[in-house]
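S.K.: I'd like to ask some things about the structure below.
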Amino acid sequence: MSVRPLEIDDPRAVVDRLRGRIAALEGGPTRLLVPVLPALAGLVQLRTGGVYGVDSASLGMALAAGASQAGEWVGFAGWDDFGAEAAQQRGIVLGRTVLVPTPGEHWLEVTAALVDVLKVVVLRPPGGVDAKSASLLEARLRARSAVLVVQGEWPRCEARISAEQVTWDGIGHGRGRLRERRATLVASGGGRMPVRADVVL
Amino acid sequence: MVLWCPDWSVTAALLERVDAMPDDAPPADVAAPAVVLANNKVVVCNAAARAEGVRRGHRRRDAQARCPEVVLLDANPDRDARWFEPVLAAVEAVRPGVAPLRPGLLAVPAPGRYFARRGSGGQDERIGGEEAAAAVLAEHLVEAGVWDSRFGAADDLYTAERAAREAPPQSCLSVPSGSSAEFLRGLPVTVLADDGPEGAELADLLRRLGLVLLADFARLGAGEVANRFGSYGTDVWRRVQGREVTRLASRTPPPELACEIAFEPPLDSAEAVTFSVRTTAERFVAGLADRQLVATSVRIEAEFEEGVSARTWLHPRCFTSRDLVDRVHWQLQAGMASSGLRSRKGTGETITSAVTLVRFLPDVVEPAGDHADGLWGGGAEEQVVRGVARVQAMVGYDAVRVPVLQGGRGAADRQALVPWGERPVGLRPVERPWPGRIPGPAPSRVFATPLEAEVVDEASVPVAVTARGLVTGEPWRIRLGRHWCPVASWAGPWPVDEGWWLAGSGAGSGRAARFQVVGVDGRAWLLCWRAPGSWEVEAAYD
């Protein structure tokens, strides 16, 4: 009789999975893992019910891309300058993308309604968010097992990911073209030490 | 008996144009020269265009050179078929058993052809019967708006079609019983070109062989024809020998699938109408489902005392009764002056008084099997559709979009945002090379309206691009809004010369050149220089 070898790729991920399962068995709101792009795997783990902050449009797209590639629906609210081609190049399936370019004054209700049915919602809030509205939306996120990515201000974030030292390859002075962007991403928050990773965005 | 409407594509396209125009517009001239184009080539031209020297196969500019006022129309086989439907109905009302052959061509059993009556003098009287029938049909068609119809009567379908093509407008050419082959043999070989590319090829070949009339072709031996002219040639040969007889297979009239509900007294609020059309929408969907059909495009007409608001709605999958009720709501909301929401494409008519009637007309129906959910169910999707419909109810139908890609040069040209619940139509193909487009990764932010900018060189002199596509100076600093940002690196220019014929009439025309610029802070921008010397930011690699 042969025993199947145990495949342990990342002990942390296994522990997280087990914790999620325990929480599910206990009947509490489960905090399931939402897939992220391989490039971001070591840096951030998206978990349902969480709010994640980003500081650029491309990072917002990158965070939604993992779930989209895994067959989930994603949404973008408040993006009146959505670059569809860039989204596709980053791995977002446009056919499963909902876009509300200008939700206007209803932005909180729209986000709440999107969170109900989509896995990842990337929001660009028009202004400040008060703590009460934020906590209402966070409760909704936990109940619906969705992830909110915010480009802008948000009272409490599970993690905040920002790009530092952005450099572009392939471009000179009147020569070449933009080819690749290299950046050092920093993930901070959640009471942990900031994590850094050099990635090609 | 065959009814032929010459140049049907042109007629259908013109009918559609007239239909799309508001009622108070000046009546369109149906006799104006017009052509239908596919791939920039003329496929069909009407008599007026032909009179000006326009021919099938001409390029767009050749046609315009010969006849500058020619109306250019796009080819659309669906439209041709759709607009032929009323013609079928008009003929069916007079003579049941209509067989549509293709848009513009239909067959009906000729009166008296198969039960001829001998007249008192022993003469055949049936010929008169056919001509009388054709006159009655022509009269009905003129009432339906079809001016040019020609009739041909013969023993078999092919000969009748030929006869119809030989007939003068609105009259009938009748080929006596038993003389079909004789009639065909009298025709020149060039008539075969009407049968499509195969026919055109054979006609050309026969002409070059020195065979002028089909009678000459008929004189060839059966074996020779079969060996040399293929199956199509053999078909034609058998016909001119009088051996091939095609009879018509008539259609059953389509069932009435449209549903309507009248309101007595008329309702003056969109909500009340929406509530009341629910059962009608259910009946409409059920009526289609009984025939294993689903609608993917539905025309909703709302009649009120002073007019009609009509709009065609497309659905990416298929309409359920719930979807239809939503569409009614949106259409009325957009049309009613009191509502705060604005519509992207006006419904054509503002609703000024209480609604008296709502009608659902199936525009495109497809077999239900093509749209059935898998056995494992489309559960998640269904949920998304419902959730997004709720967002639409909050912020309006047009505020929720689905991004799609299309071809183009500028960043904004390469994408389109389609309203959720509508099928994308009229997109530019992506696969074309699109010379002048910017290489590299696509910008993540594409501004719908470009931002104003300024680019200067080291001496603070504005940078420009010469007619030969050279930069007058090295970009040193750029101004975005109020902030100046030093340039770290830049690439370009990618010159474009689009729409120069529109020069001076606004954006998107004239000479322009695009640049990629990276600021010292690592942010990159897609800038565009436009001919007189203005800079704008089209997109950002944020």
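S.K.: Using only atoms on other chains, find how many Cβ atoms lie within 10 Å of each Cβ of peptide B:486-494 and report the average.
M.R.: Going residue by residue through B:486-494 and averaging, the value is 4.
S.K.: Let me ask another. Residue by residue through region A:37-42, what is 3J(HN,Hα) from phi via Karplus (6.51 cos²θ - 1.76 cosθ + 1.60, θ = phi - 60°)? Round to whole Hz and write x for glycine and proline.
M.R.: 4, x, 5, 9, 4, x
S.K.: Under a Cβ-Cβ cut-off of 12 Å, what is the net charge of the residues other than B:ILE300 that fall near it, where Lys and Arg count +1 and Asp and Glu count -1?
M.R.: On the way: positive: B:ARG299, B:ARG311, B:ARG327, B:ARG359; negative: B:GLU260, B:GLU301, B:GLU303, B:ASP323, B:ASP326, B:ASP363.
Result for the local shell: -2.
S.K.: Counting partner chain Cβ atoms within 10 Å of every residue's Cβ in B:406-416, what's the average?
M.R.: Across B:406-416, the average partner-chain Cβ count within 10 Å equals 2.
S.K.: Interface A/B, total buried accessible area with a 1.4 Å probe, nearest 100 Å²?
M.R.: Its buried surface, counting both partners, is about 3600 Å².
S.K.: So how do B:SER231, B:SER444, B:SER9, A:SER135 rank on accessible area, 1.4 Å probe, biggest first, that is with the largest at the start? Walk me through the numbers before you get to the answer.
M.R.: Values: B:SER231 90, B:SER444 0, B:SER9 25, A:SER135 50 Å².
Most to least solvent-accessible, the answer reads B:SER231, A:SER135, B:SER9, B:SER444.
S.K.: Turning to a different aspect of this structure: Can you work out ³J(HN,Hα) from phi for every residue in region B:224-234, in order, using Karplus 6.51 cos²θ - 1.76 cosθ + 1.60 and θ = phi - 60°, giving whole Hz and x for Gly and Pro?
M.R.: Working through the residues one at a time gives 4, 5, 4, 6, 9, 10, x, 6, 5, x, 4 Hz.
S.K.: Got a sec? What order do B:HIS483, A:HIS173 fall in by accessible area at 1.4 Å, biggest, i.e. largest, first?
M.R.: The residues order as B:HIS483, A:HIS173, largest area first.
S.K.: Just to verify a number: FRET efficiency for B:ASP19 and B:ARG208, C-beta to C-beta distance, R0 = 60 Å, to 0.05?
M.R.: Once rounded, the FRET efficiency stands at 0.85.
S.K.: Report B:TYR397's accessible area, 1.4 Å probe, all protein chains in place, as a number in Å² to the nearest 10.
M.R.: For B:TYR397, the solvent-accessible surface is approximately 20 Å².
S.K.: Another question about this same structure. Calculate the spin-label point distance for B:ARG386 paired with B:ALA262, positioning each point 7 Å from the Cα along the beta-carbon direction, and give it in nanometres.
M.R.: Going by the 7 Å Cα→Cβ label model, 3.7 nm.
S.K.: List the residues whose amide H sits under 5 Å from the amide H of B:ASN46, counting only those 5 or more places along or on another chain, with H placed 1.01 Å from N in the peptide plane.
M.R.: Under 5 Å from the amide H of B:ASN46: B:ALA34.
S.K.: Here's another thing I want to ask about it. By the gyration tensor of its Cα atoms, with a ≥ b ≥ c the square roots of the eigenvalues, what is the shape of chain A: rounded for a/c under 1.5, prolate for a/b over b/c, or oblate? Before the final figure, lay out each step's value.
M.R.: Details: a/c = 1.67, a/b = 1.11, b/c = 1.50.
Oblate.
S.K.: What spacing in nm lies between the two simple spin-label points modelled at B:ARG479 and B:SER179, each 7 Å away from Cα in the Cβ direction?
M.R.: 8.9
S.K.: Take peptide B:417-424, look around each residue's Cβ out to 10 angstrom, count Cβ atoms belonging to other protein chains, and average those counts.
M.R.: Across the residues of B:417-424, the mean count of other-chain Cβ atoms within 10 Å is 1.
S.K.: Continuing with the same structure: When only Cα pairs under 8 Å and 6 or more residues apart are kept, what is the percent relative contact order across region A:38-159?
M.R.: Result for region A:38-159 is 39 percent.
S.K.: Here is a follow-up. Can you tell me, using C-alpha contacts under 8 Å and at least 6 residues apart, the relative contact order of region A:127-201 as a whole percent? Each step should come with its number before you reach the end.
M.R.: On the way: 95 pairs, mean separation 17.6, N = 75.
That works out to 23 percent.
S.K.: Continuing with the same structure: For n ≥ 4 DSSP H runs only, could you compute -39500 (n - 2.57) per run for the protein assembly as shown, divide by its residues and tell me the 222 nm figure to the nearest 500? Don't skip to the end; give the middle numbers.
M.R.: On the way: 20 runs with 224 residues, N = 743.
Helices in the protein assembly as shown give a 222 nm mean residue ellipticity of -9000 deg cm²/dmol.
S.K.: What does the extension gain come out to for A:ALA131 and A:ALA13, with contour length at 0.36 nm per residue minus their alpha carbon separation?
M.R.: Details: separation 118, 0.36 × 118 = 42.48 nm, distance 3.10 nm.
39.4 nm is the gain from fully extending A:ALA131 to A:ALA13.
S.K.: Name the long-range amide H neighbours of A:PHE82: under 5 Å, sequence gap of 5 or more, or other chain; modelled H, no Pro or chain starts.
M.R.: Long-range HN contacts for A:PHE82: B:VAL446.
S.K.: Roughly what would the spin-label model give for B:ARG428 and A:ARG175, points 7 Å off Cα along C-beta, in nm?
M.R.: Going by the 7 Å Cα→Cβ label model, 3.2 nm.
S.K.: If R₀ is 60 angstrom, what is the calculated FRET efficiency for the pair B:THR466 and B:ASP290, using the beta carbon separation as r and rounding to 0.05?
M.R.: The pair B:THR466/B:ASP290 has a calculated efficiency of 0.30.
S.K.: Whole-Hz Karplus ³J(HN,Hα) for region B:448-454, in order, using 6.51 cos²θ - 1.76 cosθ + 1.60 and θ = phi - 60°, x for Gly and Pro?
M.R.: Karplus-based 3J(HN,Hα) across region B:448-454 equals 5, 10, x, 8, 6, 8, 9 Hz.
S.K.: Next up: How much length is gained on full extension from A:ALA39 to A:GLN165, taking 0.36 nm per residue of separation minus their Cα-Cα distance?
M.R.: Separation in residues times 0.36 nm, less the Cα-Cα distance, equals 43.7 nm.
S.K.: Oh, and also: Any idea of the accessible area per residue across the protein assembly as shown, 1.4 Å probe, to the nearest Å²?
M.R.: 50
S.K.: For B:ALA531, what residues show an amide H to amide H distance below 5 Å, using hydrogens built from the backbone and excluding near sequence neighbours?
M.R.: Amide H neighbours of B:ALA531: B:ARG511.
S.K.: Note down the net charge around A:GLY66, summing +1 for each Lys or Arg and -1 for each Asp or Glu among other residues with Cβ under 11 Å from its Cβ. Working shown, then result.
M.R.: Numbers: positive: A:ARG90, A:LYS119; negative: A:GLU72.
Overall, the nearby charge balance is +1.
S.K.: Quick one: pull the percent of accessible area on chain A belonging to carbon and sulfur, 1.4 Å probe, ligands and nucleic acids left out. Spell out each step's value before the answer.
M.R.: Values: 5030 of 9700 Å².
Within chain A, the accessible surface is 52 percent carbon and sulfur.
S.K.: Normalised by the number of residues in region B:385-457, what is the relative contact order in percent for Cα pairs under 8 Å and 6+ residues apart? Don't skip to the answer; put the middle values down first.
M.R.: Values: 71 pairs, mean separation 18.6, N = 73.
RCO, region B:385-457: 26 percent.
The values are calculated or read from the model by the stated rules, or taken from the named source; none is laboratory data. A quick note: this is a predicted structure, and the numbers were derived from the prediction, not measured. Glycine also receives a Cβ, built like all others from the backbone with ideal geometry; neighbour counts cover every protein chain displayed. Ligands, DNA and RNA are excluded from the accessible area calculation, which covers all protein heavy atoms including side chains. Shrake-Rupley method; radii C 1.70, N 1.55, O 1.52, S 1.80 Å.
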